[in-house]
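Let me begin by presenting the structure, written as structure tokens, before commenting on it.
The values are calculated or read from the model by the stated rules, or taken from the named source; none is laboratory data. Computed from a prediction, not measured in an experiment: that's the story for all the values here. So basically every Cβ, Gly included, is an ideal-geometry build from the backbone, and we count neighbours across all protein chains shown. All accessible areas refer to the heavy atoms of the entire protein, side chains included, with ligands and DNA or RNA removed. Shrake-Rupley method; radii C 1.70, N 1.55, O 1.52, S 1.80 Å.
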Amino acid sequence: SQPHIDHQPAQRHKHRCARVVLGKKEEVERKVGGFSDFTDTLIEQSTRHVGRAIWREMKKGAQKPFEPGRAGTETIQAFLNAFASSSALPKKIHIVGHSTGAILLASLLDALDRTSATLRIETCLLMAPACSHDVFNGVYRRLLKERDRARFGINRMKIYNLNDRLERDDTVTPLYRKSLLYLVSNAFEEKRGEHILGMQVFRRFLRKLPGPQIFKIELSDGSTTGSPRTSSRTHGGFDNDVNTMNDIVHYILRGTPRREFTPEDLEY
């Protein structure tokens with residue numbers, strides 16, 4: 001089956017974050033007197049109250065559709081019923097998320113875990129995931145380690161991240177000169193410096209990961225030489241990066257597709 005990648009949630013959330021940052025522009029510039037070296041820290045401090053409120057709302061919005069009786073849960077049940085039909089052809093399920101999509105997919109996986117005892121997710125792929133290590137350990141790692149094929153779980157998983165240099169070179173508006181994930185970790189999460197799955201700087205805290213045959217992290221340094229598996233240079237650039245998108249398709253198919261993505265395909 002072909003993967004469906006929803007690009008809109010990540011873009012909408014980045015735009016909301018940008019509005020929060022720009023709303024503090026005059027206040028920050030007044031405090032630093034025109035010098036920009038301290039603006040990132042001041043932005044993190046000054047947006048923390050409203051940023052946490054938006055982030056809580058976003059996470060709640062990702063969970064709510066999958067509560068019992070709500071549309072997300074009903075949709076899942078409709079798919080499960082179709083899969084279980086005696087006339088249904090065998091199907092494999094692949095899920096792909098970008099940025100805040102990792103939080104939405106965690107809620108989806110929790111709902112599937114409650115609903116289906118035997119369904120397997122063939123592949124799970126996350127680009128620059130904005131979820132915390134706690135979410136990864138509580139949902140993704142737990143289901144990835146469930147190797148009993150008679151129980152719900154994830155068969156294989158891959159994550160695509162920027163290296164820390166690119167995270168620090170990225171921007172959320174010209175005023176905040178680090179990636180969205182730095183802003184999430186230092187301002188929007190309840191705990192300042194929250195370990196975010198998409199950030200290389202926190203990778204050392206991921207202990208005892210499953211083996212490379214079922215779990216991988218691909219790290220982009222922005223280079224396009226040597227056919228890298230990912231070459232995005234920005235947090236929002238993974239779904240426009242031809243190397244990332246082709247590697248996703250290769251990973252899902254366990255081989256080469258009849259047609260690969262070209263740069264022209266991803267200009268949107």
Mean-square fluctuation maximum in Gaussian network of the chain, Cα pairs under 10 Å, restricted to 105, 197, 175, hits 175
If each part is reduced to its alpha-carbon centroid, region 209-226 and region 86-134 end up apart, in Å, by 20 Å
Taking only protein heavy atoms and a 1.4 Å probe, the highest-to-lowest accessible-area order of 47, 262, 256 is 256, 262, 47
Ordered by number, the trypsin sites (Lys or Arg not before Pro) in region 160-260 that occupy a DSSP loop and have at most 14 other Cβ atoms within 10 Å are 191, 192, 207, 208, 254, 258, 259
GNM on the chain, Cα springs under 10 Å; top mean-square fluctuation among 83, 188, 152 goes to 83
In terms of the charge dipole of region 145-207, which places +1 on Lys and Arg and -1 on Asp and Glu at the beta carbon, the residue among 172, 154, 195 farthest towards the positive end is 154
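Out of all DSSP beta bridges with both ends in the chain, state the antiparallel percent to the nearest 5. If you can, show how the numbers build up before the last one.
Numbers: 2 of 21 bridges.
Roughly 10 percent of the beta bridges in the chain run antiparallel, per DSSP.
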With the charge dipole of the chain built from beta-carbon charges (+1 for Lys and Arg, -1 for Asp and Glu) about the Cα centre, the Cα from 103, 235, 261 projecting farthest to the positive end belongs to 103
Expressed as a percent, the accessible surface of region 98-177 that is carbon or sulfur, using a 1.4 Å probe and the full set of protein chains, is 49 percent
Region 38-95 accessible area per residue, 1.4 Å probe, protein heavy atoms, integer Å², reads 63 Å²
In degrees, nearest 10, the alpha-carbon axis of helix 71-84 is tilted away from the dominant principal axis of the alpha carbons of the chain by 30 degrees
Over 20 Å (Cα to Cα) among 145/216; 59/191; 158/178 -> 158/178
note: the chain, Cα-Cα separations exceeding 25 Å make up a percent value of 48 percent
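Could you tell me the relative contact order of the chain? Use alpha-carbon pairs under 8 Å, at least six residues apart, and round to a whole percent. Intermediate values should be presented prior to the final figure.
Details: 424 pairs, mean separation 48.1, N = 268.
Computed value for the chain: 18 percent relative contact order.
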Toy charge model, Lys and Arg Cβ at +1, Asp and Glu Cβ at -1: the chain dipole around Cα centroid in debye, rounded to 20, equals 840 debye
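Classify region 194-268 as rounded, prolate or oblate from the Cα gyration tensor: take a ≥ b ≥ c as the square roots of its eigenvalues, call it rounded if a/c is under 1.5, otherwise prolate when a/b beats b/c and oblate if not. Don't skip to the end; give the middle numbers.
Working: a/c = 2.39, a/b = 1.43, b/c = 1.67.
Because a/c hits 1.5 or more and a/b fails to exceed b/c, region 194-268 counts as oblate.
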For region 185-268, the per residue accessible area (1.4 Å probe, Å²) is 55 Å²
A student applying the Cα gyration tensor rule (rounded when a/c is under 1.5; otherwise prolate if a/b is larger than b/c, oblate if not) would label region 124-268 oblate
